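**Q** The structure under discussion is supplied below as C-alpha cells; questions concerning it will follow.
Taken together, the values in this text are just the output of simple stated rules run on the coordinates, not laboratory data. Computed from a predicted structure; not experimentally measured. Counting neighbours? That spans all protein chains shown, and the Cβs are built from the backbone with ideal geometry, glycine included.
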Amino acid sequence: MTGLWRFMAQHQEEIRSATLEHVELVLIAMAAAILIGVPLGMLIVRRAKLRALALGIAGIFQTIPSLALFGFLIPIPFIGGIGKRTAIVALTLYALLPILRNTYVGLTEIDPAVLESAEAMGMTQAQILFRVRFPLGRAVILAGVRTATIITIGVATIAAAIGAGGLGTFIFRGVALVNDSLLLAGAIPAALLAIVADFLLGRLERRLRVT
Amino acid sequence: MTIAEQNLIEFRGVSWRPNSGADAAIIDDVSLEVPRGETLVLLGRSGSGKTSLLKLINGMHWPSKGQVMVEGRATREWDAIRLRRGIGYVIQEAGLFPHFTVAENVGLVPGLENWTKEKIATRVKEMLQLVGLQPEEFAQRRPRELSGGQRQRVGVARALAADPPILLMDEPFGALDPVTRAELQREFQSLARRLEKTIVFVTHDLREALLLASHIILLEKGRIVASAGPEEFLRLQHPEVLAFAASLDVRGGAA
C-alpha cells in the first residue's frame, strides 16, 4: 500500500491532468448524448415506428463491446481516426440508450388520469409534452443521465486504447507492465469519479421527483 | 329559438367503434338531445358505453357513424382544442396535475386562454370558495396534500374555472367514501342548480342518478334502453331498469 501512495504522490501532476482529461471526455460525450437523446426521446413519444427504430439502433450500440466500438470507428472518415474525437463519438453512442430509453419511459409512464384531463382541458400536444409530461418525467430522465454518466466514466478508460488519453492511460500501462501501482493510479480516480457523479446526480434526481 | 340552439348537445344516430371500425361497436346507433341547463345522467353498468358516450361530446372520441352536435355544430367541424376548452371535464380520480399547486390546477384553462394574472387569481379564489375550500388554506397546497374529497372539489373548481357552458363528469364521486360522497353529491346538486350549466354526468349508481338528474338515460351494451325523468324512471318496466331498481332494494332502498 505504501508503494501505491508513494507512486501516486510522485505522479500527482500526471494523475491530475489525466483525471481532468477523463472528465473532459465524459462531459463532452454526455452533453452530446443528452442533446441527442432527450429531444429524440420526446420525438418518439407519439411515433411508434420511429420509436422502434431509434430504441433498436441505440440498443445495438450498447451490445457492441466497447473496445470493438472504438475499433470500428477508427477507419470512418470525419468522425474516426486516432484520438479524442473518435473516443467522444463512441462514448456518446454508448450513453445514448439509457438516456433515450429513460426519456421515453419518463414521458410516457404518467398517470393516465392526468394525461386524460390534460387532453380534455384542451391542452395541445406540445403543451402536454412541455407542461405535463416533461415536469413529471424529468426525475426518470435524470436517472437515465445518471446511469449513462457512470457507464461513460468506466468506458472512457478504454478510450486510452485509441490514444484519447484519460485515466485509462495508467490502467493500460499498468496491465502491460504488470504494475499494480500504475493500474490503481488510473482505476482509483476513475472509481471515485463514478461514485461522486452517482451521489450528486442521485441527489438532484430525488429533488426533481414529484410525489 | 331553433332546435339546434335549444339543444346544447345532440347525438344523431351515433355509433362508435374503436380502432376506426375494426372492433365491435361500443356505442350503437344512439340519438339523444340535451337541452340547455339540463343535468343528464348516463346510467349503466361497467362496459355499457357511458364513458365512451361522454368522450364523444368533447372530441376525445369521434363518431364512426352519425353526428354529435355541440352548440349546433358537429364535433368534427370544431377545432378540437377550442371545443374542449369550452367544456369542463371531471373524472373519478380528479386527474389533478401533481406538480401544480391547487391554484395552478384551477387556473390552468384560464391561463391557456391567456387571461391576465390578476383575473386568473381572482377567478381561482372565487372557484375555490364556490366548492367550499378556503383559498388562504388550500391555494398553495399540492394535490398530494389533499384528501380524496378535497381533490374532487378542486377537480370541479378546475372544470368550472373558464366558465364553460357544458360540464362533463365521469363518476366524479365514485372513489370517495360513502359519507364524503353524500356530502359532495348534496353540494353539487345545489351548485348545479345555481350555475345553470348543461351537465352530462356518468354513474353506475342509481341513487346518485335519482338525486342529481333532471333526466336519466340508461345504457346497455352501447344502446339506450330507457330514457325518463327521475320521477318516472323507476316506473319503467325494462329488465335493465328493474335490475338497477333491485340494486336499490338490496341496499335498503330509497325506492
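**Q** What share of all Cα pairs of the stretch B:176-234, in percent, falls into each consecutive 10 Å distance bin?
**A** 20, 51, 27, 2
**Q** Of all DSSP beta bridges located in chain B, what percent are antiparallel, nearest 5? Don't skip to the end; give the middle numbers.
**A** Numbers: 18 of 38 bridges.
Expressed as a percentage, antiparallel bridges in chain B total about 45.
**Q** Rg to Rh ratio, the stretch A:74-196, alpha-carbon atoms and Kirkwood radius? If you can, show how the numbers build up before the last one.
**A** Details: Rg = 20.5 Å, Rh = 17.0 Å.
Taking Rh as the inverse mean 1/r over Cα pairs, Rg/Rh reads 1.20.
**Q** Something else about it: Just the number, please: percent antiparallel of the DSSP beta bridges in the protein assembly as shown, rounded to the nearest 5. Don't skip to the answer; put the middle values down first.
**A** Details: 18 of 38 bridges.
Taking every DSSP beta bridge within the protein assembly as shown, about 45 percent pair in antiparallel fashion.
**Q** Still on this structure, I have one more. Label points 7 Å out from Cα along the Cβ direction at residue B:175 and residue B:114: separation in nm?
**A** If labels sit at residue B:175 and residue B:114, their model points lie 3.5 nm apart.
**Q** Please give the helix B:239-250 orientation as an angle from the longest Cα principal axis of chain B, in degrees from 0 to 90, rounded to the nearest 10.
**A** Relative to chain B, helix B:239-250 is tipped by roughly 60 degrees.
**Q** For a Förster distance of 60 Å, can you work out the FRET efficiency between the beta-carbons of residue A:76 and residue A:111, rounded to the nearest 0.05? Mind dumping the intermediate values first?
**A** On the way: r = 44 Å, r/R0 = 0.74.
My answer for the efficiency is 0.85.
**Q** Here's a follow-up. With helices defined as uninterrupted DSSP H runs, which ones in chain A have an alpha carbon span along their own long axis of at least 18 Å and mean Kyte-Doolittle hydropathy of at least 0.5?
**A** Numbers: long enough: A:12-43 (46 Å, 1.16); A:48-63 (22 Å, 1.06); A:84-108 (35 Å, 0.87); A:134-155 (30 Å, 1.48); A:180-208 (41 Å, 1.17).
Taking the DSSP H segments of chain A (at least 18 Å long, mean hydropathy at least 0.5), we get A:12-43, A:48-63, A:84-108, A:134-155, A:180-208.
**Q** Also: With only alpha-carbon pairs counted, each pair once and no self-pairs, how large is the Kirkwood hydrodynamic radius of chain B in angstroms?
**A** On the way: mean 1/r = 0.0530 Å⁻¹.
After inverting the pairwise mean of 1/r, the radius is 18.9 Å.
**Q** Run the numbers for residue A:210 and residue A:161: contour at 0.36 nm per residue of separation, minus the present Cα-Cα distance, in nm. Walk me through the intermediate numbers first.
**A** Numbers: separation 49, 0.36 × 49 = 17.64 nm, distance 4.25 nm.
Stretched fully, the residue A:210-residue A:161 segment lengthens by 13.4 nm.
**Q** Quick one: P(r) of the protein assembly as shown from all Cα-Cα pairs, 10 Å bins, percents rounded to integers, in order of increasing distance.
**A** Percent of Cα pairs in each bin: 4, 17, 21, 18, 13, 11, 9, 6, 2, 0.
**Q** Calculated from DSSP H runs of 4 or more alone, at -39500 (n - 2.57) each and per residue, what is the 222 nm mean residue ellipticity of chain A, nearest 500?
**A** Details: 10 runs with 163 residues, N = 211.
Taking each H run of at least 4 residues, the total per residue is -25500 deg cm²/dmol.
**Q** Which trypsin sites (Lys or Arg not before Pro) in the stretch B:158-255 pass both tests, a DSSP loop state and at most 11 other beta-carbon atoms within 10 Å? Numbers along the way, then the final one.
**A** Working: sites: B:158, B:181, B:186, B:193, B:194, B:197, B:207, B:221, B:223, B:235, B:251; in loops: B:197, B:221, B:235, B:251.
Passing both the DSSP loop test and the Cβ count: B:235, B:251.
**Q** Per residue of A:103-116, what is the mean number of Cβ atoms on other protein chains within 10 angstrom of that residue's Cβ? Mind dumping the intermediate values first?
**A** Working: counts 0, 0, 0, 0, 0, 0, 0, 1, 5, 3, 6, 9, 1, 7.
Taking all residues of A:103-116 together, the mean is 2.
**Q** Quick check: Cα centre of the stretch A:140-211 to Cα centre of the stretch B:130-188, how many Å?
**A** Each part reduced to its Cα centre gives a spacing of 50 Å.
**Q** Here's a follow-up. Between residue A:64 and residue B:191, what is the label-to-label distance in nm when each label sits 7 Å out along the Cα-to-Cβ direction?
**A** It works out to 5.9 nm between the two label points.
**Q** For peptide B:96-102, how many partner chain Cβ atoms fall within 10 Å of a residue's Cβ, on average?
**A** On the way: counts 4, 10, 8, 10, 4, 0, 0.
Shielding by partners across B:96-102 averages 5.
**Q** Set the Förster radius R0 to 35 Å, insert the Cβ-Cβ distance between residue B:29 and residue B:134 as r into 1/(1 + (r/R0)^6), and round the FRET efficiency to 0.05.
**A** Working: r = 48 Å, r/R0 = 1.37.
Taking R0 as 35 Å, the efficiency between residue B:29 and residue B:134 is 0.15.
**Q** Going by alpha carbons, how many degrees (0 to 90, nearest 10) lie between the helix axis of B:117-130 and the longest principal axis of chain B?
**A** Compared with the principal axis, the helix lies near 60 degrees.
**Q** For residue B:16, enumerate residues with amide H under 5 Å from its amide H, sequence gap 5+ or separate chain, H modeled in the peptide plane.
**A** Excluding prolines and chain starts, which carry no amide H, the hits are B:26, B:27, B:28, B:29, B:64.
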